[in-house]
Amino acid sequence: KIHQKLGLITMAPLLATLIASNGATAGHTNSSGVTAGGNSTSSRDLHAGLGILTAGMYIATASFAIRAPKISGTKSKGPIVAHKILACIHGPGMILTPILGAMAYNEIYKGQKVHGIASAHGAVAAITAVSYGAAMLSVSIKF
């Protein structure tokens, strides 16, 4: 039950992080902290802070699922199997997304264009968020 409640609560900062990502676009900052496109570094900082909060809450949520006692001889079926498969996608995504985000943040901070694997931050985050939402739906909707 705690895993379920924390999973639902974690959706709030996840959505806030996704919404804040719109203002966290890459660009070169001037001495005032304003990017060429008019966005300030505070937008990136807000996005990063929300991302860190989301990752922390996700780790707490996942730990309750991982450490939950298992009933021997019980087989998972239906929605639980789908949920576990989707967890194999959003679990690594929740680890990789903040790492790529930190790499992208550092590249922007140095005045560089986001390049290399850090440029996959947005795509990995999107796949992670979709699989997280689908995992929640898989155990919420009976099929």
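Quick one: would you say residue 87 is out of contact with any Cys (no Cβ under 8 Å at 6 or more places or on another chain) and without any contact (Cβ under 8 Å) to a residue 24 or more places away in the chain? So residue 87 does not fit the description; no. Note on the range 126-143: among residues that are of a type outside the set (A, V, I, L, M, F, W, C) and open to solvent by 60 Å² or more (accessible area, probe 1.4 Å), the one that is farthest from residue 11 (Cα to Cα) is 142. I'd like to check something: does the range 44-63 contain any residue that is over 21 Å from residue 132 (Cβ atoms) and either modelled with pLDDT of 95 or more or touching a Phe, Trp or Tyr at 6+ places or on another chain (Cβ under 8 Å) (or both)? Within the range 44-63 (the criterion being over 21 Å from residue 132 (Cβ atoms) and either modelled with pLDDT of 95 or more or touching a Phe, Trp or Tyr at 6+ places or on another chain (Cβ under 8 Å) (or both)), the answer is yes, since at least one residue qualifies. Annotation: residue 17 fulfils all but one of (1) assigned to a helix (DSSP H, G or I); (2) surrounded by 12 or more Cβ atoms within 10 Å (Cβ to Cβ); (3) modelled with pLDDT under 90; the unmet one is (3).
Number of residues in the range 44-68 that are open to solvent by 70 Å² or more (accessible area, probe 1.4 Å) and either in contact with an Asp or Glu (Cβ under 8 Å, 6 or more places away or on another chain) or farther than 20 Å from residue 92 by Cβ (or both): the value is 2.
Of all the criteria given as (1) outside any helix (DSSP H, G or I); (2) open to solvent by less than 50 Å² (accessible area, probe 1.4 Å), the one not satisfied by residue 93 is (1).
Here is a yes/no grid of residues against (1) at pLDDT 85 or above; (2) assigned to a helix (DSSP H, G or I); (3) at negative phi:
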{"position": "26", "(1), (2), (3)": "no, no, yes"}
{"position": "75", "(1), (2), (3)": "yes, no, yes"}
{"position": "86", "(1), (2), (3)": "yes, yes, yes"}
{"position": "100", "(1), (2), (3)": "yes, yes, yes"}
{"position": "123", "(1), (2), (3)": "yes, yes, yes"}
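The values are calculated or read from the model by the stated rules, or taken from the named source; none is laboratory data. No experiment lies behind these values; they were computed from the predicted model shown. Neighbour counts are summed over all protein chains in view; Cβ atoms, including those assigned to glycine, are modelled from backbone coordinates with ideal geometry. Each accessible area value is taken on the protein alone, full model and side chains, heavy atoms only, with ligands, DNA and RNA left out. Shrake-Rupley method; radii C 1.70, N 1.55, O 1.52, S 1.80 Å.
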